[in-house]
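Notes to accompany the following structure.
The values are calculated or read from the model by the stated rules, or taken from the named source; none is laboratory data. Every value quoted in this text rests on a predicted model; they were computed, and no experiment measured them. We place every Cβ from the backbone using ideal geometry, glycine too, and count neighbours over all the protein chains shown. Ligands, DNA and RNA are stripped out before the accessible areas are found, and what is left, the full protein with its side chains, is counted by its heavy atoms. Shrake-Rupley method; radii C 1.70, N 1.55, O 1.52, S 1.80 Å.
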Amino acid sequence: MANRILTGIKPTGKLTLGNYIGVLKNLKRETERGECFYFIADLHALTLPIEPEELRQNSIDLACFYLASGIDPKKTTLFLQSSVSAHAELNAIMQNYLYMGELSRMTQFKDKSSKMKESAIGLGLFSYPVLMASDIILYDANIIPVGEDQVQHVELTRDLVNRINNRYGEILTMPKAEMRKVGARIMSLSDPTKKMSKSDPKGDIFLKDEPAVIRKKIMSAVTDSGSEVKYDVENKPGISNLLTIYAAIKEISIEEAEKEFVGFRYGDFKKAVADAVINELEPFQARYKQILESKEYENVLKQGAIRANEVASKTLKRVQKAVGLLTIE
Ligand code: ATP
Ligand code: MG
């Protein structure tokens, strides 16, 4: 079977360099490997409180950034999760095949709920992986490009697919998470032991930041004692993160990046990292602006919803039939 590639991003805040390196940068290349479905995970964005206007603006921004990554919207299906009702319908079925125990072990749930009172934790935050599994299953996707933090959810989806296929016959496609070798987990510049995240924007580089702001943020990134530019996550998390950013942007290995900076002082090294990031993001930002102004995303999302509905409704029917729901054609 031909490859089906699926990935989603939540419109929860301003996109970061982590989202770019982990996922966006690679989306164009993926379109050469099979049919791609890229979506705006707006239903997932409701799992933590968000203002309606902010959610709408974030969704538009995300659509423009997806397009700015260079994908051809004629060959790629770009859509809003909420415009395909099959996601919610499959979720209603799948929630009966995943269990409280396994959902409570999800790192993302533990991280995001740890600072909240139990009475304020929405059910959707807890059952997030059920909806994510439904997103994946609906498109018979076998390749799921994600950052490292999402691998656990894809693994849970694999367990679910096994469970369903064992119970009802081979009706679902087995997905697999794919991470970048370098850059699957970009860390915060102010605390390099924490992931750079758009909903916890401390030490983030935002994709909309002006070059001068990006330079300032990188020049003041937390570094470590010592003076050697060396990759050592335990003892030099700050320098290791900057080396990772550099290597990922330049598409070289960490070893190659290390070699380039032998004998460099931290300040000169940071300057080179800032140059690399700015050179990469400037044309990307220009494309984003042009797409935002032309509003071409509107038609793309409309067409995307049609194609996504076509594929998703077929899978939904297949599952409904298999579990015993009476489907009247
Ligand atoms: P939030 O804080 O709302 O969870 P986020 O920045 O983690 O935001 P998501 O929408 O959850 O973004 O994730 C979108 C994609 O970006 C996922 O594939 C995720 O793994 C990837 N990603 C997120 N942060 C990073 C990071 N720091 N490094 C690499 N990839 C990342
Ligand atoms: Mg996240």
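Note on segment 95-189: enclosed helices (runs of 4 or more DSSP H) holding 1 or more residues that are within 13 Å of ligand 1 (Cβ to nearest atom) and open to solvent by less than 70 Å² (accessible area, probe 1.4 Å) are 107-113, 123-126, 128-138, 151-168.
Taking the conditions (1) of a type outside the set (Val, Ile, Thr); (2) part of a helix (DSSP H, G or I); (3) over 21 Å from the mean Cα position of the chain (by Cα) in turn, TYR297 satisfies each one other than (3). May I ask you to verify whether GLU280 is away from ligand 2 (no atom under 16 Å from the Cβ), open to solvent by 80 Å² or more (accessible area, probe 1.4 Å), acidic (Asp, Glu) and modelled with pLDDT of 95 or more? Judged against the criteria, GLU280 is not a match. Within segment 36-52, if we keep just the residues that are farther than 9 Å from GLY8 by Cβ and near ligand 1 (Cβ under 10 Å from one of its atoms), the residue that is least open to solvent (accessible area, probe 1.4 Å) turns out to be ALA45.
If you go through segment 181-204 and keep only what is more than 16 Å from ligand 2 (Cβ to nearest atom) and not polar (S, T, N, Q), you end up with LYS181, VAL182, LEU189, ASP191, PRO192. Residue-level analysis places SER199 among those that are touching a residue at least 12 places away in the same chain (Cβ under 8 Å), polar (S, T, N, Q), open to solvent by 10 Å² or more (accessible area, probe 1.4 Å) and outside the structural domain of GLU256 (by TED's automatic domain parsing).
Scan segment 31-67 for residues that are β-branched (Val, Ile, Thr) and under 27 Å from PRO283 (Cβ atoms) and the total you get is 3. Quick one: how many residues across segment 1-37 are part of a strand (DSSP E or B), within 16 Å of ligand 2 (Cβ to nearest atom) and in contact with a helix residue (DSSP H, G or I) (Cβ under 7 Å, 6 or more places away or on another chain)? Residues in segment 1-37 being part of a strand (DSSP E or B), within 16 Å of ligand 2 (Cβ to nearest atom) and in contact with a helix residue (DSSP H, G or I) (Cβ under 7 Å, 6 or more places away or on another chain): 2 in total. Remark: ARG215 falls outside the filter, which requires a residue to be of a type outside the set (S, T, N, Q), part of a loop (DSSP other than H, G, I, E, B), open to solvent by 20 Å² or more (accessible area, probe 1.4 Å) and touching a residue at least 24 places away in the same chain (Cβ under 8 Å). Total residues in segment 190-206 satisfying the condition of being away from ligand 1 (no atom under 11 Å from the Cβ) and either within 11 Å of LEU17 (Cα to Cα) or assigned to a helix (DSSP H, G or I) (or both): the figure is 0.
Here the condition is being open to solvent by 60 Å² or more (accessible area, probe 1.4 Å), under 30 Å from LEU90 (Cβ atoms) and not β-branched (Val, Ile, Thr); of GLU310, GLU228, it holds for GLU310 alone. For segment 233-248, the criterion of being hydrophobic (A, V, I, L, M, F, W, C), open to solvent by less than 80 Å² (accessible area, probe 1.4 Å), away from ligand 1 (no atom under 16 Å from the Cβ) and in contact with a strand residue (DSSP E or B) (Cβ under 8 Å, 6 or more places away or on another chain) is met by at least one residue.
For segment 87-94, does any single residue satisfy the condition of being in a loop (DSSP other than H, G, I, E, B), surrounded by 15 or more Cβ atoms within 10 Å (Cβ to Cβ) and in the same structural domain as LYS14 (by TED's automatic domain parsing)? Checked segment 87-94: no residue is in a loop (DSSP other than H, G, I, E, B), surrounded by 15 or more Cβ atoms within 10 Å (Cβ to Cβ) and in the same structural domain as LYS14 (by TED's automatic domain parsing).
Taking segment 180-239 as the range and being of a type in the set (Val, Ile, Thr) and under 21 Å from GLU251 (Cα atoms) as the test, the residues that pass are VAL182, ILE186, ILE205, ILE214, ILE218, VAL229, VAL233, ILE239. Counting just the residues of segment 250-263 that are open to solvent by 80 Å² or more (accessible area, probe 1.4 Å) and at negative phi, which one comes out nearest to the chain's Cα centre (by Cα)? The residue in question is LYS250. Listed by first and then second residue, the pairs linking a residue in segment 79-101 that is farther than 21 Å from PHE39 by Cα to a residue that is modelled with pLDDT under 95 and β-branched (Val, Ile, Thr), with Cβ atoms under 9 Å apart and 6 or more places separating them unless they lie on different chains, form an empty list. Screening ALA305, ALA247, ALA276 for residues that are farther than 17 Å from MET196 by Cβ and either under 23 Å from the mean Cα position of the chain (by Cα) or in a helix (DSSP H, G or I) (or both) leaves exactly one candidate, ALA305.
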